[in-house]
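The numbers here are math on the coordinates, done by the rules we state, and not lab data. Values in this document were obtained by computation on a predicted structure and should not be read as measured data. A quick note on method: Cβ atoms are made from the backbone with ideal geometry, for glycine too, and the neighbour counts reach across all protein chains shown.
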Amino acid sequence: MGKPFEKTMEMVNGLAKPALELFKTMDDEDAKLFIIRLNDSIGRLEEIAAAITHQNQKVALFEFGLTPQLFYAFDCVPLCMETFPMLFTANRKEVFYEFIEAAEAAGLPSDVCSTDRCIVGAALSGEFPTNSFFVASSAPCDGTRIAYPIMKKALKVPTLFLEAPYTYEKEAAHWYGQQIKTDLIPFLEAVTGKKFDIDRFREIIEESNKAYELMLDIFDAYTVKPSPIPASISGFPYASFIASAGHPRNTESTRLFHDEVMRRVKDDIQNPFEEKHRVLWCHVQPTFDGEFFKWMEEKLGATVVTSMLSSSPILLPIDTTDIDTMLEGYAWQGLDMTMSIMRFDTNKLLEFTMKAYHQYRCDCVIVTQHVGCNSICGAAGLMRRYFHDEGVPALFIELDYNDDRVLSSEPLREQVEDFFTTIMA
Ligand code: SF4
């Protein structure tokens, strides 16, 4: 049994920090963007590591379906569990495999989503702190509904399960927001021993609104053709927001990233390859191959300009008028910005996908059929027929987005290359 956050900090100190120092020595346009991303992640992970050593501080282990602002309002340090496996899948694969194997050895079936198997294995291996609590939601999927009760038992920490709505409208967000009011806020008061302070919550929401607006501006810049930045770094504003919305570090990192993207658009600085294709990536991207998007751009001239899961359908900051508007907006943002989008019915999913397809001026779609994800695999037939009827070139790839032992980089690249050199030629 390891110590909490031991493997995570080994990765931070052994890989992320040396990579940051290396980027600082590089005279390269893209290095600036990677420095912003690394500073942001290192700062966030060090903050969690520091909180673990203070028993009177709480670490909020939360699931997709929420964003972090409310946890900051109770002075907790948040860790979005579904982003955790990606810390290891590309650069410390042996740690990821170790966590997966720990979950399977404890009886979790291998057809459960690898995200959930990895976090369960990490919990069973002692990687998560016990001065913590879980907040989980019934969205997006079966896998998370299996994982959290097991982790609750392993860590023996307070846990709250929220019921996510099945529909997408504002009324559904209002209903979820009221549940946050009646269930989540009292839960947080009980686990932290602090009273809810609406002014503090408003302050944090206002902070996150600044980052949100900058992020929307950045997303708009991605509609510029050719794309102003490489695909491998374009998801940073979204990832940082999901992990730390409401923290001034998130706002500052997003502002720096925003300024750099806008400078590139203004000065017409382009990527050093010919952009022949603009790709919409539907569902999860392979996280096990850190060079994959670079390879797509350099070898095939294909840039992933938007991804269905790292974008935002509602495009509205949170209304801070009163507690109900704040909770409704907060609820909607949580449901909107993460894999909770997978609770969309297939028609809604396609409507959102096609809106992004046209907005970002794409000419093809890649859909990943992530094994273990019933949501996307179940929608495959309808999506395939829809794209065919609409004349949208679409490649469907079956893989595990975290685990290269299901489909490794080489056959993945072969499938993608075949698509761009035949259908898209
Ligand atoms: S990929 Fe699918 S199964 Fe895995 S966490 Fe996301 S929605 Fe759930």
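Per-peptide packing, taken as the mean over residues of other Cβ atoms within 10 Å, places 130-139, 254-263 in the sequence 130-139, 254-263 from highest down.
Among the listed pairs Lys153/Lys194; Lys156/Lys348; Lys17/Lys266; Lys3/Lys195, those whose Cα-Cα separation exceeds 28 Å are Lys156/Lys348; Lys17/Lys266; Lys3/Lys195.
Between the listed residues Gly43, Ala147, Val157, the Cα displaced farthest toward the positive end of the dipole of the chain, a dipole computed from Cβ unit charges relative to the Cα centre, is found at Val157. Of the trypsin sites (Lys or Arg not before Pro) found in the stretch 176-212, the ones in coil according to DSSP and having at most 16 other Cβ atoms within 10 Å of their Cβ are Lys194, Lys195.
For the stretch 6-195, the relative contact order is 18 percent, taking Cα pairs closer than 8 Å that sit 6 or more residues apart in sequence and dividing their mean separation by the residue count. Relative contact order for the chain: 18 percent, from Cα pairs under 8 Å spaced at least 6 residues apart, divided by residue count.
The largest-to-smallest principal axis extents of the Cα set in the chain are 61, 50, 49 Å. How would you classify the stretch 196-269 from its alpha-carbon gyration tensor, with a ≥ b ≥ c the square roots of the eigenvalues: rounded for a/c under 1.5, else prolate if a/b is greater than b/c, otherwise oblate? In terms of gyration-tensor shape, prolate. Computed over the stretch 6-195, the percent of Cα pairs more than 31 Å apart is 23. Seen against the Cα atoms of the chain and their longest principal axis, helix 114-124 is set at about 30 degrees. A simple charge model with +1 on the Cβ of Lys and Arg, -1 on the Cβ of Asp and Glu and nothing else charged puts the dipole of the chain at about 600 debye relative to its Cα centre. Based on Cα contacts under 8 Å between residues 6+ apart, the stretch 305-425 shows a relative contact order of 19 percent. Taking the longest Cα principal axis of the chain as reference, the axis of helix 93-105 is set at about 60 degrees.
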